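Take a look at the structure set out below.
The values are calculated or read from the model by the stated rules, or taken from the named source; none is laboratory data. Source: prediction; values computed, not measured. Reconstructed Cβ throughout: ideal geometry from the backbone, glycine too, with neighbour counts over all protein chains shown. In case anyone asks, the SASA skips ligands and DNA or RNA and just uses the protein heavy atoms, side chains included. Shrake-Rupley method; radii C 1.70, N 1.55, O 1.52, S 1.80 Å.
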Amino acid sequence: MGADDLTSATPAPTSGWRSGYWIVLALLVSGYALCAAQAGPDPSPAAFVVQLVTVAAVLRVTDVRMRFQRVSWVVLAVAGVSAITATALGSGGHALDVILSAASMVAFFVAPIAIIRHQMMRRGLDVEALLAAIAAYVLVGMFFTFVYNLIALLTVDPMFGAGVVDSLSSQLFFSFTALTTTGYGNLVPVAPAVQGVAVAEAITGQLFLITAVARIIRGSRAPI
């Protein structure tokens, strides 16, 4: 699937203060707060629904072709309703947690790609470009959060060693400290595979700042 399949014609300029990216950022803050409140590794159905709405908003704001949007909305709606129904009927459990985690990971993988493609078609630096860069960066952190979460759900040993609560909240915190290369050191993954993911996230965070943000800011400016 090429860029033409995902993105419509070159988007018309939009005032940054009226940009839909404000809605995306508000949804991201809500989803982050819900994940941060999780005391265990099991994803919250409420957080999952907010994440699905966030992705739907991203697809709308980034001018993805309407046919692709409609298919995505149907898939997202079915996923959200299924998660809520399974929880309400008490038919959840570990399998549902794994499905929610994997679905969130895929959703947060697609969303930043859509934003970067959308902004590469625009010209110049404005408020919307900055909002898009922030949203894409946070989405990358959320993607890696659910990579850690999925690993934790599929393995037996605690991700950060004995004595540390292996919660979605701690995975979220660790993800963003790795992405920003802050490295407080209070959470250290034990398994070599998770350490490799953390290194990959740190490299991704730096490459994002160096390349993706630069491309978003520059857009496709006409040559002088």
Notebook entry, point to check: Looking at Val78, is it modelled with pLDDT of 80 or more and either within 27 Å of Asp166 (Cα to Cα) or among the β-branched types (Val, Ile, Thr) (or both)?
Noted result: no
Notebook entry, point to check: Only one of these conditions is not met by Arg221: (1) modelled with pLDDT of 80 or more; (2) open to solvent by 50 Å² or more (accessible area, probe 1.4 Å). Which number is it?
Noted result: (1)
Check: Does Ile210 satisfy the condition of being open to solvent by 70 Å² or more (accessible area, probe 1.4 Å), more than 16 Å from Ile151 (Cβ to Cβ) and modelled with pLDDT of 90 or more?
Finding: no
Note to self: Every residue in segment 1-45 that is open to solvent by 20 Å² or more (accessible area, probe 1.4 Å), part of a helix (DSSP H, G or I) and modelled with pLDDT of 85 or more, please.
What the structure shows: Trp22, Ile23, Leu25, Ala26, Leu27, Val29, Ser30, Tyr32, Ala33, Leu34, Ala36
Next item on the list: Just one of (1) modelled with pLDDT of 85 or more; (2) more than 13 Å from the chain's Cα centre (by Cα); (3) open to solvent by 40 Å² or more (accessible area, probe 1.4 Å); (4) among the aliphatic types (A, V, I, L, M) trips up Val71, so point out which.
Entry: (1)
Notebook entry, point to check: Could you list, in sequence order, the residues of segment 125-165 that are among the small types (Gly, Ala, Ser) and open to solvent by less than 20 Å² (accessible area, probe 1.4 Å)?
Noted result: Ala129, Ala132, Ala133, Ala135, Ala136, Gly141, Ala152, Gly161
Next item on the list: Have a look at Ser101, Ser169 and point out the one that is buried (at least 23 other Cβ atoms within 10 Å of the Cβ) and either of a type in the set (Gly, Ala, Ser) or at pLDDT 95 or above (or both).
Entry: Ser101
